[in-house]
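Heads up: the structure comes next, in structure tokens.
The numbers here are math on the coordinates, done by the rules we state, and not lab data. All values derive from a computational prediction rather than experimental measurement. Ideal geometry is used to build each Cβ from the backbone, glycine not excepted, and the neighbour counts take in all protein chains shown.
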């Protein structure tokens, strides 16, 4: 694999240097194939080569049930991924968030939901942390709205999560089933 | 009126239609942006309605800004520049106008489907399959039109802007097809792409990263390289430097995708490769930036001149400087592992994205529009409104970016703060987060408020720009009718 990678880098370097030294490289006939070749080399080395690596299975990488899959669709549809990550890194910043994520954990994830922003907390190990009722309260409206809701499980003052009270009962159940499956 | 000129054969009509459409989408996108900024402070604002939920509006904001405002204005300005650099008319104005119509159709469909919750759920690749196909169609029509024009050119030597345009049109369809899971089901919801999990993430970021430079960056740089000598009235400092910049960009940039997943569960060697090439990006960036500073030398005082001639240059100078800043962020603060560990997942990345798209490329495109529009419509824009636009937009942007970047330092600091615990039974040392995540959210409240203030200033500035452009077009249309 590393040999292939080095050869591909070498090929791209030659193309690049050739482009720079051959002043007429930017005529239409040379520009188009040169540009295409460059991107195909990069695609082979940074997208195709790594995906040929074998991914060892892990205890966390389990297939989802029908209900959990429906919940996952709702997670995707409501854009939860924009504020919640699902990956724990092997560094001090992520220490104490749970076991470090392995490639095998995501074997059944179509599409991936790794996330890019941590406006809300990481959800890799959310399952089993709270009761179903906590999630139901939290998802309906994360903040206490009326005095009697103060201190209710799942009502978190200061949370800025959107309220998902428009989800149907079935959708809510499925979403909670999915969240509880994140262990 | 033939469909508001969407079937016109007049010179520059395609450029005009693309530019006018782009500013209308810009107005929509910034209003959505303001709603999002308000939701950070008052999460119950416009709440409990599915299509006004944060998770539905955010992809509309991102994709609308990228494929609506930036892409359409980029294409409009490109269609103005290409005939001037080739010495011939655009191969088919009518095809250009048809592309513009289809592009608007594509954006309309995409806005409706995203609000209805139809999404592939992968960042920058949210569009569902039918919409992907519509965009591909638009891209191929555009490619055909521009390539035909370039191939029949009278000007033998291709200027650097044309290389970037041709490059963008060659690269983008390939990147888009690879990155968009063309094997998914039609609704995108829970559809199975060809690969799962970490491989899907790698593909997603290979696409997301490359689209930014190879489509937005290349068109933006092409526009920048055309207007830099035109507006500063200096000759381009070095053509050899631009050659180095072009080919090294084509080489280095496309290997960087994995730096979005540093310390992630993907292969470590791929991360290292991405980091090395990210740092190498200083070469193409310095080629552009050195050319920029050398060409703009002696013209910086025009930033403070109040005239129609100096107006576009002001925007171009700020855009060029923002390009320098955002491109330095990549190799210096985003890619190296130790710094990335601190800033990953924080608002630093949001700030970086806005500095690139709002600071660099929007400023460059606004400069170009202030130059192109009066020439295409033969009507001057309002200088008064344009000055308000410049002041409000620049002030708002600086507030917004300053607060976003400083809030990222708070986030990274609070996340990294740990309490060390010693387990006497097992002898293990444990790290526990010193603050709960909700405390991080609470401590960011003042920042969210300041971000909203900066955003509102920008939105008012941008709406001034939109009104200015549309008012100029309205005046031009009235004048044309009077002439007939």
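Structure notes:
- Folded to 0 to 90 degrees: helix B:363-377 orientation relative to chain B principal axis, Cα: 20 degrees
- Gain upon complete extension [residue B:50, residue B:332; 0.36 nm per residue less C-alpha separation]: 97.5 nm
- Distance between modelled label sites at residue A:32 and residue A:13, nm, 7 Å Cα→Cβ extension: 3.1 nm
- The stretch A:2-51 shape via C-alpha gyration tensor axes, a/c threshold 1.5: oblate
- Shielding value for B:424-434 is 2, the average number of Cβ atoms from other chains within 10 Å of each residue's Cβ.
- Remark: spin-label model distance residue A:108-residue B:235 equals 6.8 nm, labels positioned 7 Å along the Cα→Cβ axis.
- Fewest-first sequence of A:172, B:366 by Cβ atoms within 10 Å of each Cβ: A:172, B:366
- Relative packing of peptides B:408-416, B:72-80, B:430-438 - highest average C-beta neighbours within 10 Å first: B:72-80, B:408-416, B:430-438
- Ascending count of other beta-carbon atoms within 10 Å, so fewest first, for A:54, B:475: A:54, B:475
- Neighbour-count ranking [beta-carbon atoms within 10 angstrom, fewest first] of B:378, B:148: B:378, B:148
- Cα gyration tensor shape for the stretch B:93-209, rounded if a/c is under 1.5, else prolate or oblate: oblate
- Residues residue A:132 and residue B:474, FRET efficiency given R0 of 60 Å [Cβ-Cβ distance, rounded to 0.05]: 0.55
- Here the extension length gained between residue B:294 and residue B:416 equals 39.7 nm, from 0.36 nm per residue of separation less the Cα-Cα distance.
- Global geometry of the stretch A:66-180, whether rounded, prolate or oblate, following the gyration tensor of its Cα atoms and the 1.5 cut on a/c: oblate
- Cα-based helix-to-principal-axis angle, B:197-211 vs chain B, degrees rounded to 10: 30 degrees
- Extension gain from residue B:438 to residue B:269, taking 0.36 nm per residue of separation minus the Cα-Cα distance: 57.3 nm
- Alpha carbon centroid spacing (whole Å) that separates the stretch B:229-268 from the stretch B:289-353: 14 Å
- With a Förster radius of 56 Å applied to the C-beta separation of residue B:406 and residue B:11, the computed FRET efficiency comes to 0.70.
- Between the beta carbons of residue B:105 and residue B:424, assuming R0 = 45 Å, the FRET efficiency works out to 0.10 to the nearest 0.05.
- Per residue of peptide A:96-108, the mean number of Cβ atoms on other chains within 10 Å of the residue Cβ is 4.
- Inter-chain Cβ neighbour count for A:13-20, averaged per residue, equals 4 (cutoff 10 Å, partner chain atoms only).
- Taking Cα atoms only, the orientation of helix B:282-295 departs from the longest principal axis of chain B by about 40 degrees.
- Rounded to the nearest 500, the helix-only mean residue ellipticity at 222 nm of the protein assembly as shown stands at -19500 deg cm²/dmol, with each DSSP H run of n ≥ 4 adding -39,500 (n - 2.57).
- Gap separating the Cα centres of the stretch B:361-403 and the stretch A:112-152, nearest whole Å: 42 Å
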